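Structure first, then comments.
The values are calculated or read from the model by the stated rules, or taken from the named source; none is laboratory data. Just so it is clear, the structure is predicted and the values come from calculations on it, not from any experiment. Cβ coordinates were reconstructed from backbone atoms using ideal geometry, including for glycine residues, and neighbour counts include every protein chain displayed. Heads up: the accessible areas ignore ligands, DNA and RNA and are worked out on the full protein's heavy atoms, side chains in. Shrake-Rupley method; radii C 1.70, N 1.55, O 1.52, S 1.80 Å.
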Amino acid sequence: MSEIESPAPQPRGPADHNVREQIVVAAEEHFSHYGYEKTTVSDLARSIGFSKAYIYKFFDSKQAIGEAICSKTLEAIVAAVEEAVVEASTPTKKFRSMFNALVSTATDLFFNDRKLYDIAAHSAGEGWSSARAYVQRIEQILTEIIREGRESGEFERKTPLDEAVHSIFLVMLPYVNPLLLQHNLDLVEDAPVQLSNLVLRSLAP
């Protein structure tokens, strides 16, 4: 899997991975219960049993902690997409599998861990680096599928590749972006099939 690099600022003080991971795990649990917006670093420090100053040795801000958690959350969606694409045998099937995996994985997160989903939605709204890296990876996977389809003769070649990828991504955006997906939940059962059909017709040679 191609991991989304954590865009969190480099930690102050000793680069102790175990302590950083302990803070992230504890913060993830705390945010799952109380939400990102309502939690301060002081709240987090009390719940973990560390001092606020000690947390700041490893993370510059609450956003830096949120970025680390968001990266893990979005990596899980990317991993599901990559697995679905690998298992598909043709570019057409890969595109359908990609779209289905994106929608189903993100929707599961929304209903099963709403607080963590809210962090991902917040990151998209604020343009965090973790959200931008997620979008870039999804666009990269889409580009690879379209390129493969062109090379095999399955997709048309007249439209410039970057234009085709960007246009298709705009169709998918309401279901790729966590901030937008929460407003389209009533469409998640039908949208992947119907929009995939529309996109694939446009890609026909």
Discussion item. Condition first: open to solvent by less than 30 Å² (accessible area, probe 1.4 Å) and part of a helix (DSSP H, G or I). Now tell me which residues in segment 39-54 satisfy that.
Written reply: V41, L44, A45
Worksheet item: Does segment 128-138 include one or more residues that are more than 12 Å from the chain's Cα centre (by Cα) and within 24 Å of A79 (Cα to Cα)?
Response: no
Worksheet item: Based on what the data block shows, is L170 touching a residue at least 40 places away in the same chain (Cβ under 8 Å), part of a helix (DSSP H, G or I) and open to solvent by 30 Å² or more (accessible area, probe 1.4 Å)?
Response: no
Worksheet item: What number goes with the only condition from (1) at pLDDT 90 or above; (2) more than 19 Å from K115 (Cα to Cα); (3) open to solvent by 60 Å² or more (accessible area, probe 1.4 Å) that M1 does not pass?
Response: (1)
Discussion item. Every residue in segment 173-200 that is assigned to a loop (DSSP other than H, G, I, E, B) and either in contact with a strand residue (DSSP E or B) (Cβ under 8 Å, 6 or more places away or on another chain) or open to solvent by 40 Å² or more (accessible area, probe 1.4 Å) (or both), please.
Written reply: Q182, H183, E189, D190
Worksheet item: Can you name the number of the only condition in (1) in a helix (DSSP H, G or I); (2) outside the structural domain of F111 (by TED's automatic domain parsing) that Y36 fails?
Response: (1)
Worksheet, complete the sentence: The lone condition F155 fails out of (1) more than 18 Å from S104 (Cβ to Cβ); (2) surrounded by fewer than 16 Cβ atoms within 10 Å (Cβ to Cβ) is (2)
Worksheet item: Of the residues T143, T159, which is under 22 Å from S71 (Cα atoms), more than 15 Å from the chain's Cα centre (by Cα) and of a type in the set (S, T, N, Q)?
Response: T143
Worksheet, complete the sentence: Among the residues of segment 72-116, the number that are in a helix (DSSP H, G or I) and open to solvent by less than 60 Å² (accessible area, probe 1.4 Å) is 29
Practice prompt. Can you tell me which residue within segment 55-71, out of those that are touching a residue at least 40 places away in the same chain (Cβ under 8 Å) and of a type in the set (D, E, K, R), is least open to solvent (accessible area, probe 1.4 Å)?
Written response: E67
Item to complete: With respect to I138, determine if the residue is in a helix (DSSP H, G or I), closer than 22 Å to V193 by Cα, modelled with pLDDT of 95 or more and touching a Pro at 6+ places or on another chain (Cβ under 8 Å).
Response: no
Discussion item. If the requirement is being β-branched (V, I, T) and buried (at least 22 other Cβ atoms within 10 Å of the Cβ), which of these qualifies: I138, I119?
Written reply: I119
